[in-house]
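Visitor: Pasting a structure here, questions to come.
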Amino acid sequence: MDLNIKVAALAGEGAFSIGNLLAKLFAKLGYNVVAYPEYPSLIKGGLNVIHVRISDREIHSPVHRTDILLSIGKDGYKFLKNSLHEDSIVIGDESIDDGIKVPINSLIQQHNLNPKVKNILITSVLLGILNYPKDYVDRAIVNMFGNKSKEILESNLKAVQIGYDLSKDHRTDLSVKRIDMEKVVVSGNEAFGLGAIAGGMKIASFYPMTPASSLFHFLINVKDLAKIYVIQAEDEIAAANIAIGANYAGVRALTGTSGGGFALMTETVSMAGIAETPIVFFISQRVGPSTGMPTWTEQADLFQIWGAGQGDFPKIILAPGNVEQAYRYMGNAFNLAQKYQLPVFVLSDKFLSESYFSISQLPSIPVETGKIIYEDIPEVLSVGQRFLRYKLEDDGISSMPVPGVKNGMHIASSYEHMQDSFTTENFSERKRQVEKRARKIETIIENENPKPDVYTKKADKAIVCWGSQLLPMLEVFREIDFDLIHFSWLYPINIQYTEQILKRYRTIGFIENNSNMAFYRFLRMFVDVKADFNIIKYTGRQFFPHQILDALDRLQEKDYKGIEVIEEDFDTYELYTPWRY
Amino acid sequence: MNISYINTNEKPQWCPGCGDFGILMAIKSALVNLDRDPSEVVIVSGIGCGGKTPHYIRTYGYEGLHGRLLPLALGIKIANPDLTVIAIGGDGDGLSEGGNHLLHFSRYNVDITYLVQDNQVYGLTTGQSSPTSHKGFKSKTYPDGTPIEPVKQIPLLVSQRASFVAAGYAGNVKHLSQLITDAINHKGFSFVNIYQPCITWNYTNGYEWYQKRVYITDHNPEDYNQAWEKANEPYNTNWERIPLGIIYKNRSVTLDEEVMNRVGKLAGIPNPGDISRILERLKI
Ligand SMILES: Cc1ncc(C[n+]2csc(CCOP(=O)(O)OP(=O)(O)O)c2C)c(N)n1
Ligand code: SF4
Ligand SMILES: [Mg+2]
């Protein structure tokens with residue numbers, strides 16, 4: 001079974017809570033679930049759609065096809081019309097043209113229900129049709145509304161009963177049952193948050209910006225369980241400096257934002273570079289430039305991250321491709337930051353951050369602190385002398401006592417400094433410190449052995465992707481005669497090893513969710529590689545698997561040469577910005 | 001603590017006669033009176049002439065970014081409230097580049113001491129007008145005299161009901177040192193504006209000029225109305241009378257206390273977090 005349910009309603013009418021509910025209900029029966037919300041930057045009005053995909057085999061990405069449409073109002077029908085097929089089921093309120101019409105308004109009046117139960121009513125009709133066990137739905141409703149008023153809870157429970165009763169008139173041969181152990185549904189940002197908590201993060205500082213905010217909202221929701229403190233700073237500059245301060249004091253702290261907010265953090269990135277203070281930055285990309293399209297997705301900020309901060313200093317850039325990697329990479333980012341005493345960037349985008357996925361389990365994350373010193377140092381400093389915080393070491397990493405540690409007194413300095421941390425403008429001292437910091441890169445490559453993941457069919461052609469585009473590519477991979485190379489560790493690059501891998505292929509293509517082919521150009525700064533083809537998309541949406549397959553078909557006719565730009569199948573403009581019409 | 005514990009091998013590189021020497025002396029003698037090991041003190045600074053202060057006191061230190069010393073200090077303090085955290089920087093640093101942070105620090109009320117070296121000029125960048133330059137002050141920026149009004153930081157902080165607002169003077173080290181001691185001992189965000197002669201770029205507001213105007217106030221700093229009156233006195237008298245001392249104070253819960261109450265001690269070797277109960281909560 002591979003069922004694609006789309007829930008569509010105007011903003012404020014609860015499409016997303018239904019999408020989330022459906023995802024969790026099916027994960028409870030052991031199904032694999034993917035859900036992805038799409039919405040304009042509006043609080044009221046404008047169309048919200050959530051793609052909920054349910055399957056008994058592994059799935060990775062939403063697809064275009066609609067098997068079941070739940071539509072409150074007729075905009076959803078209009079928007080998703082060309083994704084419907086002969087056997088699609090449409091369930092909606094009185095306003096839809098075809099399909100199962102639920103007379104929502106008269107039912108609400110007749111049974112004296114709270115008007116907000118519309119979405120639960122329609123959903124229950126679907127759940128009834130699918131033979132979904134009703135007692136789980138009731139329990140989920142109690143879970144969702146138990147802390148609201150008795151009237152709301154009872155209205156919703158009644159709506160479920162009415163929906164199930166109505167479904168009896170609409171039998172299909174679709175039916176769901178328990179197929180596996182219960183799975184947990186997490187969004188990309190929740191997985192990043194879980195990773196941070198598992199990795200020992202204790203303080204998070206942020207200034208709200210979509211699509212990074214929901215990571216911090218999640219941390220706030222679980223703060224008491226996790227024993228962490230989340231602080232909303234006065235701006236992103238403060239958020240970054242608060243996190244640096246905490247990390248300097250030896251407490252793992254995270255800051256995060258999207259590109260616009262990150263622009264404000266760049267001076268602090270550079271400070272972390274020279275002062276060698278560990279810090280983790282989470283950046284969830286959205287559509288730019290500037291305010292762009294705040295609630296849509298793109299991968300166009302790689303050069304902003306790469307170039308962030310004046311001067312020359314080492315950094316680590318990671319771009320996990322799915323929730324499991326999001327969790328693992330974020331947890332480990334705190335180890336990397338402390339072991340190598342530098343800024344670590346964890347990149348996401350709106351697509352990965354806000355998509356939901358079912359997972360079975362998450363591994364624990366071992367904590368490694370490298371040369372951070374938490375215990376008092378027995379050697380007494382002589383009068384006037386400081387701890388050699390920036391001692392020249394072969395691996396580029398010097399010991400870092402945290403404040404409170406006896407005999408570790410030193411200055412973390414944004415100025416160039418000598419080994420004992422005092423400011424210097426001595427040219428050879430300066431040169432030695434630059435070289436010491438640069439040596440970290442070799443140390444990282446040696447210790448961490450960073451490399452791309454290769455999904456192989458032993459093909460002589462390969463497609464390269466990075467970050468969240470692993471998701472549609474894993475769907476496509478099943479159907480094409482290409483190897484798939486995914487980079488989640490972007491920098492530092494093991495140049496020799498990467499070249500060795502890429503040299504294996506006769507034909508190489510890159511696929512990226514941007515117009516600037518950022519990763520291809522980035523990789524070429526280090527690695528000798530020439531793309532035969534590039535597939536790019538920059539409409540504001542991620543790739544749907546069928547779009548990639550179509551592009552590959554077109555490319556085949558051109559001997560896999562050239563650039564394919566993906567168009568959207570349907571222009572959503574008038575639906576997402578209804579006030580213009 | 002013994003003064004030799006906090007001396008450094010480096011000698012300050014300020015212009016001879018700079019007010020920053022007096023401020024350094026006052027901080028050091030306040031620290032000597034403090035019953036703490038130098039490893040338990042962190043001095044955070046911004047960038048400017050005065051920003052170099054942490055280099056001349058052997059405690060822990062962070063010489064951060066121009067204007068960003070306050071959030072840096074906040075991060076350190078909430079991570080480890082056992083530390084004594086002092087932030088120090090110039091008037092340009094704190095009131096221009098870092099102005100937004102200052103506005104919010106009365107709200108956070110994190111228990112740090114913030115010393116502003118207020119020389120009414122940009123020292124390190126060679127003599128431009130600063131946010132506290134008096135109207136008419138001739139500078140590199142405004143050779144014909146600064147045409148705009150100065151920031152009124154003491155009334156601003158009093159109006160925000162910051163926990164501790166004080167004015168000190170680099171030319172009265174004994175008084176300043178006591179003020180810094182009081183600020184450190186006060187639980188809450190403690191703001192000390194220190195009038196600091198810059199003998200190289202500010203010929204108007206020198207030692208002689210201050211000597212005629214400053215006096216030590218004896219009003220009740222816990223009375224908001226009296227505090228407001230004193231905070232505004234320099235502006236109401238066109239700088240004829242400049243009160244020194246604690247202008248205003250109150251005591252309320254600090255951010256570091258709030259963090260401590262909610263999550264307990266955070267400092268020390270990091271432990272992996274347990275996510276099992278969170279995963280349970282995500283189920284329905
Ligand atoms: C972001 C940034 N902008 C500008 C500067 C250059 N700069 C260094 S110190 C300073 C002003 C110094 O004035 P103040 O803060 O009053 O300190 P003073 O030197 O007077 O003690 C400026 C503008 C900088 N270091 N960083
Ligand atoms: S320029 Fe002014 S503030 Fe800077 S050291 Fe000289 S006297 Fe002091
Ligand atoms: Mg100044």
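The values are calculated or read from the model by the stated rules, or taken from the named source; none is laboratory data. Since the model is a prediction, treat every value here as computed from it, not as a measurement. Every residue, glycine as well, gets a Cβ built from its backbone with ideal geometry; the counts of neighbours run over all protein chains shown. Heads up: the accessible areas ignore ligands, DNA and RNA and are worked out on the full protein's heavy atoms, side chains in. Shrake-Rupley method; radii C 1.70, N 1.55, O 1.52, S 1.80 Å.
Visitor: Work out, step by step, the length gained on full extension between residue A:41 and residue A:169: first 0.36 nm times the residue separation, then minus their alpha carbon distance; give nm to one decimal.
Guide: Full-extension gain reported as 42.2 nm.
Visitor: With N residues in chain A, what two-decimal value do you get for its Cα radius of gyration over 2.2 N^0.38 Å?
Guide: Rounded to two decimals, the normalised Rg is 1.06.
Visitor: Send over the semi-axes of segment B:3-253's equivalent ellipsoid, whole angstrom and largest first, taken as the square roots of 5 times the C-alpha gyration tensor eigenvalues.
Guide: Semi-axes (√(5λ), whole Å): 25, 21, 17.
Visitor: What is the calculated FRET efficiency for residue A:94 to residue A:227, with r their C-beta to C-beta distance and R₀ = 56 Å, to the nearest 0.05?
Guide: Result of the calculation: an efficiency of 0.65.
Visitor: Rounded to the nearest 100 Å², what is the buried accessible area between B and A, both sides summed, probe 1.4 Å?
Guide: 6000 Å²
Visitor: Shifting gears a bit: FRET efficiency for residue A:81 and residue A:181, Cβ-Cβ distance as r, R0 = 35 Å, nearest 0.05?
Guide: 0.40
Visitor: Among DSSP beta bridges lying fully in the protein assembly as shown, give the percent that are antiparallel, nearest 5.
Guide: Of those bridges, close to 30 percent are antiparallel.
Visitor: Lysines within cross-link reach of residue A:391: Cα-Cα under 26 Å, excluding same-chain residues under 8 positions apart?
Guide: A:315, A:339, A:371, A:406, A:431, A:436, A:440, B:11, B:52
Visitor: Roughly to the nearest percent, how much of the accessible area of chain B is carbon and sulfur, given a 1.4 Å probe?
Guide: That fraction is 50 percent.
Visitor: For residue A:376 and residue A:143 in the same chain, what is the full-extension length gain: residue separation times 0.36 nm, less their Cα-Cα distance, in nm?
Guide: 79.0 nm
Visitor: Now a separate question. Given labels modelled 7 Å from the Cα in the Cβ direction, how far is it in nm from residue B:225 to residue B:140?
Guide: Distance between label points: 4.7 nm.
Visitor: Here's something else I'd like to know. If R₀ is 22 angstrom, what is the calculated FRET efficiency for the pair residue A:395 and residue A:526, using the beta carbon separation as r and rounding to 0.05?
Guide: 0.55
Visitor: Once you order the gyration tensor axes a ≥ b ≥ c over the Cα atoms, which shape class does segment A:223-277 get: rounded for a/c under 1.5, otherwise prolate or oblate by comparing a/b with b/c?
Guide: Since a/c reaches 1.5 but b/c is at least a/b, the shape of segment A:223-277 is classed as oblate.
Visitor: When only DSSP loop residues count, what GluC sites (Glu not before Pro) in segment B:163-245 have their Cβ near at most 15 other Cβ atoms within 10 Å?
Guide: Of the GluC sites (Glu not before Pro), the ones in loops of segment B:163-245 whose Cβ has at most 15 other Cβ atoms within 10 Å are B:222, B:240.
Visitor: Another question, if that's okay. From the protein chains alone at 1.4 Å, what is the descending order of accessible area for A:64, A:217, largest first?
Guide: Highest to lowest solvent-accessible surface, that is A:217, A:64.
Visitor: Still on this model: Using 0.36 nm times the number of residues separating residue A:383 and residue A:431, minus their current alpha carbon distance, what extension gain do you get?
Guide: Separation in residues times 0.36 nm, less the Cα-Cα distance, equals 14.5 nm.
Visitor: Then there is this: Heavy atoms only, probe 1.4 Å: what % of the accessible area of segment A:313-448 goes to carbon and sulfur, would you let me know?
Guide: Summing carbon and sulfur atoms, their accessible area is 49 percent of the total for segment A:313-448.
Visitor: Cα extents of segment A:453-566 along the three principal axes, largest first, in whole Å?
Guide: That gives 34, 30, 23 Å along the principal axes, largest extent first.
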